[in-house]
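One structure below.
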Amino acid sequence: GEATAEDRRKKLFGAFDKSAKPTEPEELEGAEDGDPDGDSAVAEGERYYGLLKSQVRRHYNVADTIPDAERLYLKAQVAMKLGRAGEVLDVSLAKASGNELFDSAVVAAVRKASPFSPPPDALRDALQKNGVVLVFSP
């Protein structure tokens, strides 16, 4: 009946979500003016940035306000600077998604998610001075 077709659809999309998420941190290349010797901290940095993204995601849900078709293509780039204890020093939209509601929801979610876990030692100064740009999708 209809319930089983709906269940199958949910399982399919759930599996797609799970398979799609692990590739997201690859979009993070670091700051253009970053330290060229910072490569040893790349894996640690990717783990930390993944943690930041998951903490922020808990604070926004636009599923009810933005149509499915539009959500597929939305990507907002958010620039943020963090203090030594993980507090947000600055947050702004680096590149808008094209949907003001989503953009403002993500920026507000960064503020709500603060403070984050303290950054790893290798990233602390860079996150305070240069910050990081993270890409968010609904």
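The values are calculated or read from the model by the stated rules, or taken from the named source; none is laboratory data. This structure is a prediction, so every number in the text was calculated from the model and none was measured. Methodologically, a virtual Cβ is constructed for each residue, glycine included, from the backbone with ideal geometry; neighbour enumeration extends over all protein chains shown.
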*Top-ranked residue in the stretch 114-138 [being over 20 Å from VAL42 (Cα atoms) and surrounded by fewer than 21 Cβ atoms within 10 Å (Cβ to Cβ); ranked as modelled with the lowest pLDDT]*: SER137
*asked:* Tell me yes or no: at least one residue of the stretch 71-93 is free of Cβ contacts under 8 Å to residues at least 24 places away in the same chain, touching a Lys or Arg at 6+ places or on another chain (Cβ under 9 Å) and either in a loop (DSSP other than H, G, I, E, B) or surrounded by 18 or more Cβ atoms within 10 Å (Cβ to Cβ) (or both).
replied: yes
*Unique match (being in a helix (DSSP H, G or I), β-branched (Val, Ile, Thr) and touching a Phe, Trp or Tyr at 6+ places or on another chain (Cβ under 6 Å)) among VAL106, VAL110*: VAL106
*Can you tell me which residues in the stretch 94-103 are surrounded by 16 or more Cβ atoms within 10 Å (Cβ to Cβ) and either in contact (Cβ under 8 Å) with a residue 60 or more places away in the chain or not in a loop (DSSP other than H, G, I, E, B) (or both)?*
PHE102, ASP103
